[in-house]
Amino acid sequence: MTLFSGTDCPYSQTARIVLQEKDVECESRFFDDSEELEQLAEFNPYLETPTLLDRDVVLYDSALICEYLDERLPHPPLMAVDPVGRSRIRLLIHRLRRDWIDSVKQLGGKYDDLSDETRALIRDGLISISPIFREQKYLFGEDYSMADVFAAPLLWRLPALGIKLPKPAAPLKEYSERLFNRAAFTVSLTEAERALR
């Protein structure tokens, strides 16, 4: 198994977190610039990371990669066992990506370029979900799930994005620390990502 990954890419980090949660051996090949990314043309027409190679399977798009890994390597499960639960997790991942993470990914690591409008949108959205962590440990209750995998890289990048959470968001801060203290998250970090905090 080989993962083509960016060194500071929230979607690449989600794939690396899942690989670590599953405790699977995988060669990671890191790409930083457009010349290196052209090597991906054989596997990915969009020349983007992450891209996963597993035997005869080539996958790109972090959500597809993460779900494939969860199905291929079922322990520990990161998706719900029932269709309704899986749909709820997929929908939340879609919203995280569309509302917040896509904006961060498009910056290509140039976090100062985030517009004030997008910064406020992310901050206010996170503040609005903070109260749920007074009642539960993770996005879907007491169990860590794929939705948490997608939330973690965004939360890690908040200081680099210039987003400060106010005191009322303390439950969200505690949730973030739970995610950051997971061994899989810590090992998933590249040097570039460690330098963001």
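The values are calculated or read from the model by the stated rules, or taken from the named source; none is laboratory data. Nothing here was measured: the structure is a model prediction, and the numbers come from that model. We place every Cβ from the backbone using ideal geometry, glycine too, and count neighbours over all the protein chains shown.
Some observations on this one:
- Taken together, the criteria place D23 among residues that are at pLDDT 95 or above and at positive phi.
- Hits in region 1-50 - residues which are hydroxyl-bearing (S, T, Y) and in contact with a helix residue (DSSP H, G or I) (Cβ under 6 Å, 6 or more places away or on another chain): S5, T7, Y11, T14, T49
- Helices (runs of 4 or more DSSP H) lying entirely in region 4-89 (those with 1 or more residues that are crowded, with 22+ Cβ neighbours inside 10 Å and within 15 Å of the chain's Cα centre (by Cα)): 10-21, 62-72
- In the set (1) assigned to a loop (DSSP other than H, G, I, E, B); (2) buried (at least 18 other Cβ atoms within 10 Å of the Cβ); (3) not polar (S, T, N, Q), the condition left unmet by G108 is number (2).
- Close pairs from region 117-134: first surrounded by 14 or more Cβ atoms within 10 Å (Cβ to Cβ), partner among the small types (G, A, S), Cβ under 7 Å, at least 6 apart: T118/S103; R119/G162; L126/A169; I127/A169; S130/A169
- Filtered residues of region 1-57 (kept if of a type in the set (K, R) and farther than 22 Å from K110 by Cα): K22, R55
- Counted residues, region 157-180 - those being under 10 Å from L126 (Cβ atoms) and more than 18 Å from the chain's Cα centre (by Cα): 2
- Where helices (runs of 4 or more DSSP H) sit wholly within region 121-197, those with at least 3 residues that are over 18 Å from I89 (Cα atoms) occupy 158-161, 170-180, 183-188, 191-194.
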